[in-house]
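The values are calculated or read from the model by the stated rules, or taken from the named source; none is laboratory data. All values derive from a computational prediction rather than experimental measurement. Cβ: placed from backbone, ideal geometry, glycine included. Neighbour counts: every protein chain shown.
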Amino acid sequence: MNGAAGLFDADDQQGGESVADVLVPVAVDTSYSYRVKGGLVLEPGDFVTVPLGNREVTGVVWEVRRSASASNLKVVVEKRDLPRLQPPLRKFIDWVAKWTLAPRGMVLRMGVRAPDHAGPEPVRMGVRLAGPPPERMTPARARLIAAAEGGFAFRKSELAQLASVSAGVIDALVDEGTFEVIALPRDPVALPPDSDFAQIPLEADQEAAATTLAEKTAKGEFSVTLLEGVTGSGKTEVYFEAVAAALKMGRQVLIMMPEIALTAQFLERFANRFGTRPAEWHSGVAARKRAQIWLGAASGDVRVVAGARSALFLPFRDLGLIVVDEEHEAAYKQEDGVCYHARDMAVVRGQMEKAAVVLASATPSIESRVNAQQGRYGRVLLAQRFGSRKLPDIKAIDLRKDAAPRGRWISPRLCEAVEQNIAAGEQSLLFLNRRGYAPLTLCNACGHRFQCPNCTAWLVEHRFRRALVCHHCGHVERRPDNCPECQSADSLAACGPGVERLAEEVATLWPDARALVLSSDFPGGTERLRRELEEIANGAFDIVIGTQLVAKGHNFPGLTLVGVVDGDVGLSSGDPRAAERTFQLLQQVTGRAGRGERPGRALVQTWQPDHPVMRAILSGDTESFYEAETEARERAGLPPFGRLAALIVSGNDRPSAEQHARALVRAGFTLPPSDRWRLTPAGQLPSNEEISLLGPAEAPIAVVRARHRFRILVRAPRSADLQGFLRALIAAGPPERGGVRVQVDVDPQSFL
Ligand code: ADP
Ligand code: ZN
Ligand code: ZN
């Protein structure tokens, strides 16, 4: 017997029925099987409505097969009218689930929730000139008719404004039949970008870099290239040429950014180059718009998406290029729900889509640099700023000798520099990576400290909001007038600085300066921040005070001085990436200076001017810093030379979390040997050739949201099957009960 018809006959003879294995967007790893009845024809990727428990949910068909024992299965309710999820995305979802150990249903959920909000689109009505002129003509009516000449459709308000008449004039002419009311065509979600709209002339090294990226994109194959260029070298202009190449091939583009809500400048630049803005994808975009973008990505109508990490799960029809801008950013790591690193997963998606991937940064992660050095990734370098602009001159202010006066944070030298800048009519940025007014409030009479009731953390005073806030769980309470412990009046004191307090100091020092605190804590949200960033770029402020929000990616042409108020913040956090992170942040923030016509300088206040990070920043010797950090990582078997995973065991009380964590580690050491990994036995020194199981240790922030936490760290050589080990470990460990939960974080970025 051969041929499809023959097989079909055989099935029929067996009485086999069509069965669909459907993945549903809930926290399960397996798909559920449903009977496919009657004339319904399903294929993998189809969206279906299926019964689940006592409700109906939308799921995606993962497999269709025939089975002789389907009679007791529930039945697929209907096929939904949504574009089929394509094989590369389905494969990607499987892959991400396997890598992160998240249930497949949860990964699917990230990719399929958007279209649920599509809903019917409201129809907007407009007016159009249609009939003979009215019997009685007035000047207003004449203006109106003249303005509507040509038979175009207008929104009523638009036309009224154009002709300087009131809406009533239009209504009257509608009644007379001179105008007719019609439905306006729908606005497209995003207009098609034009790859040749306005190409700007590139400099020689930019041109070379752009050509490399464009050629790689035009090959239509998977590739990864690190685009490493100092701040202000024009990385955006350069990768735009890769975008143009993908558009010319008719393929789609995803540009990922760590803070998409703040990238108004980027959208504008994109429009200057391609004639229209890209579709924006992030949590600030209205649900219905997101639904449209989702559908547009699937149909291919939406050509370019600029988005946050979740854009990685959009159902692109033919994705040809993924750009990960500021690829070193920790914000690419999602820490809750499915713990995934969007940069790394972008590389995986690129591979599945046969797309080019560009990782762009002035301060690449050690991981990406090593990948480039070892030849896994290509590398393109921009060593100089655009237009022979110089990198800022960076100097340290040694706080051991030049400290600020008591209760202040701006040292005399920094003060002087700001003064000079104000006198010269130039803009200054004071950077302090602490939100709010003060990180700690205590009572001078009894020593009481305000702590979060749910977390091991101090409450941060936000004077603007008149509140004490926990930055870990969001707990908010009013700042009382008297100490809650000893009832003393006027005894509460703010300790340490936050940006709001720094602003107070600035106002005292320079009462006439136009100063702005840029903070996400003020009302007005993204819109306000976008407006303020634009105003800064336009030179509306003399002094800008901000957290890392201002450090990243922005272009402020008039900014010539950056003062880093606390350069040491973050150096002593116990995070294996602390040095790298601080280096990147300082390099980024000082890199805001001198991007325009005039040269810039930066002053970094520090208690540790001899720290290797500080020395690297001051000398500009980036290479030596990266080399030393890379060597240290290699010696310690840390990423990218080895791999890490964290298990966070949390419980309603300390003993239950600790007991569970200890039992889990013990279970690890009793696992039978495997040929896919070897574990260093308990009590022996860990080696870089074997997996080591470290901990459990109480988490540095021991309690978060009233849950007590213990951490177990798993370090593995690259050759080991880390995920296999983790699965075996969890299976061997005690069952999660009594409120205990185990969260798996593969490639952890946070160690708190
Ligand atoms: P980076 O992302 O590398 O920090 P940008 O892409 O933001 O740098 O570019 C820095 C500034 O220089 C921007 O204002 C950009 O418009 C400008 N610029 C870069 N290259 C060119 C060019 N070839 N012609 C004109 N302006 C450029
Ligand atoms: Zn007190
Ligand atoms: Zn809290």
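Please go through region 560-572 and pick out each residue that is touching a residue at least 40 places away in the same chain (Cβ under 8 Å) and either part of a strand (DSSP E or B) or of a type in the set (Gly, Ala, Ser) (or both).
Step one: filter region 560-572 for residues touching a residue at least 40 places away in the same chain (Cβ under 8 Å), giving 560-571.
Residues satisfying the conditions are Thr560, Leu561, Val562, Gly563, Val564, Gly567, Gly570.
Among the residues in region 125-144, are any over 40 Å from the mean Cα position of the chain (by Cα), part of a loop (DSSP other than H, G, I, E, B) and buried (at least 16 other Cβ atoms within 10 Å of the Cβ)? Before the answer, list the steps.
Residues of region 125-144 that are over 40 Å from the mean Cα position of the chain (by Cα), as a first pass: 127-144.
Checking the rest, the ones that are also part of a loop (DSSP other than H, G, I, E, B) come to 130-138.
Next, from what is left, pick out any that are buried (at least 16 other Cβ atoms within 10 Å of the Cβ): 134.
The answer is yes; a qualifying residue exists.
Could you say which residue among Phe431, Phe450 is within 16 Å of ligand 3 (Cβ to nearest atom) and among the aromatic types (Phe, Trp, Tyr)? Outline the logic, then answer.
Numbers: Phe431 fails: within 16 Å of ligand 3 (Cβ to nearest atom).
Of Phe431, Phe450, the one residue that is within 16 Å of ligand 3 (Cβ to nearest atom) and among the aromatic types (Phe, Trp, Tyr) is Phe450.
Would you call Gln420 out of contact with any strand residue (DSSP E or B) (no Cβ under 6 Å at 6 or more places or on another chain), within 20 Å of Arg514 (Cα to Cα) and of a type outside the set (Ser, Thr, Tyr)? Don't jump to the end; show me each part of the working.
Working: out of contact with any strand residue (DSSP E or B) (no Cβ under 6 Å at 6 or more places or on another chain): yes; within 20 Å of Arg514 (Cα to Cα): yes; of a type outside the set (Ser, Thr, Tyr): yes.
Yes.
Closer than 24 Å to Pro640 by Cα and basic (Lys, Arg), is that true of Arg741? Walk me through it before giving the result.
Numbers: closer than 24 Å to Pro640 by Cα: no; basic (Lys, Arg): yes.
Criteria not met by Arg741.
Determine if region 348-360 includes at least one residue that is within 30 Å of Gly229 (Cα to Cα), in contact with a Phe, Trp or Tyr (Cβ under 6 Å, 6 or more places away or on another chain) and either assigned to a loop (DSSP other than H, G, I, E, B) or in the same structural domain as Gly570 (by TED's automatic domain parsing) (or both).
yes
Using the structure shown, decide if Pro557 is over 21 Å from Lys333 (Cα atoms), away from ligand 3 (no atom under 16 Å from the Cβ), in contact with a strand residue (DSSP E or B) (Cβ under 6 Å, 6 or more places away or on another chain) and in contact (Cβ under 8 Å) with a residue 40 or more places away in the chain. Even if it seems obvious, please write down each step before you answer.
Details: over 21 Å from Lys333 (Cα atoms): yes; away from ligand 3 (no atom under 16 Å from the Cβ): yes; in contact with a strand residue (DSSP E or B) (Cβ under 6 Å, 6 or more places away or on another chain): no; in contact (Cβ under 8 Å) with a residue 40 or more places away in the chain: yes.
Spelling it out, it is not the case that Pro557 is over 21 Å from Lys333 (Cα atoms), away from ligand 3 (no atom under 16 Å from the Cβ), in contact with a strand residue (DSSP E or B) (Cβ under 6 Å, 6 or more places away or on another chain) and in contact (Cβ under 8 Å) with a residue 40 or more places away in the chain.
Looking at the structure I just gave you, is Glu689 modelled with pLDDT of 95 or more, farther than 25 Å from Pro103 by Cβ and of a type in the set (Asp, Glu)? Spell out how you get there, then give the answer.
Values: modelled with pLDDT of 95 or more: no; farther than 25 Å from Pro103 by Cβ: yes; of a type in the set (Asp, Glu): yes.
So Glu689 does not fit the description; no.
Do we have any residue at all in region 439-461 that's at positive phi and either away from ligand 2 (no atom under 16 Å from the Cβ) or touching a strand residue (DSSP E or B) at 6+ places or on another chain (Cβ under 6 Å) (or both)? It would help to see each step written out before you state the result.
Pass one, region 439-461, residues at positive phi: 447.
Within this subset, residues satisfying the condition of being either away from ligand 2 (no atom under 16 Å from the Cβ) or touching a strand residue (DSSP E or B) at 6+ places or on another chain (Cβ under 6 Å) (or both) are none.
Checked region 439-461: no residue is at positive phi and either away from ligand 2 (no atom under 16 Å from the Cβ) or touching a strand residue (DSSP E or B) at 6+ places or on another chain (Cβ under 6 Å) (or both).
Please work out if Leu549 is assigned to a helix (DSSP H, G or I), within 16 Å of ligand 1 (Cβ to nearest atom), touching a residue at least 40 places away in the same chain (Cβ under 8 Å) and not basic (Lys, Arg).
Values: assigned to a helix (DSSP H, G or I): yes; within 16 Å of ligand 1 (Cβ to nearest atom): no; touching a residue at least 40 places away in the same chain (Cβ under 8 Å): yes; not basic (Lys, Arg): yes.
No: the conditions fail for Leu549.
Tell me the residue from Arg598, Arg615, Arg581, Arg592 that is surrounded by fewer than 24 Cβ atoms within 10 Å (Cβ to Cβ) and not in a helix (DSSP H, G or I), please. Don't jump to the end; show me each part of the working.
Working: Arg615 fails: not in a helix (DSSP H, G or I); Arg581 fails: not in a helix (DSSP H, G or I); Arg592 fails: surrounded by fewer than 24 Cβ atoms within 10 Å (Cβ to Cβ).
Result: Arg598 is the single residue among Arg598, Arg615, Arg581, Arg592 that is surrounded by fewer than 24 Cβ atoms within 10 Å (Cβ to Cβ) and not in a helix (DSSP H, G or I).
Which members of region 460-498 meet the condition of being modelled with pLDDT of 90 or more, surrounded by 15 or more Cβ atoms within 10 Å (Cβ to Cβ) and hydrophobic (A, V, I, L, M, F, W, C)?
Val460, Ala467, Leu468, Val469, Cys470, Cys483, Leu492, Ala494
Give Ala515, Ala457 a once-over and let me know the one that is surrounded by fewer than 21 Cβ atoms within 10 Å (Cβ to Cβ), of a type in the set (Gly, Ala, Ser) and assigned by TED's automatic domain parsing to the domain that holds Gly591. Don't jump to the end; show me each part of the working.
Details: Ala457 fails: assigned by TED's automatic domain parsing to the domain that holds Gly591.
That would be Ala515, the only listed residue that is surrounded by fewer than 21 Cβ atoms within 10 Å (Cβ to Cβ), of a type in the set (Gly, Ala, Ser) and assigned by TED's automatic domain parsing to the domain that holds Gly591.
Which one of Glu241, Glu237 is part of a helix (DSSP H, G or I), surrounded by fewer than 24 Cβ atoms within 10 Å (Cβ to Cβ), near ligand 1 (Cβ under 9 Å from one of its atoms) and of a type in the set (D, E, K, R)? Walk me through how you get there before you give the answer.
Values: Glu241 fails: near ligand 1 (Cβ under 9 Å from one of its atoms).
Of Glu241, Glu237, the one residue that is part of a helix (DSSP H, G or I), surrounded by fewer than 24 Cβ atoms within 10 Å (Cβ to Cβ), near ligand 1 (Cβ under 9 Å from one of its atoms) and of a type in the set (D, E, K, R) is Glu237.
With the checklist (1) surrounded by 15 or more Cβ atoms within 10 Å (Cβ to Cβ); (2) within 30 Å of Lys235 (Cβ to Cβ); (3) not basic (Lys, Arg) in hand, flag the one item Val165 doesn't pass.
With (1) surrounded by 15 or more Cβ atoms within 10 Å (Cβ to Cβ); (2) within 30 Å of Lys235 (Cβ to Cβ); (3) not basic (Lys, Arg) applied to Val165, the lone miss is (2).
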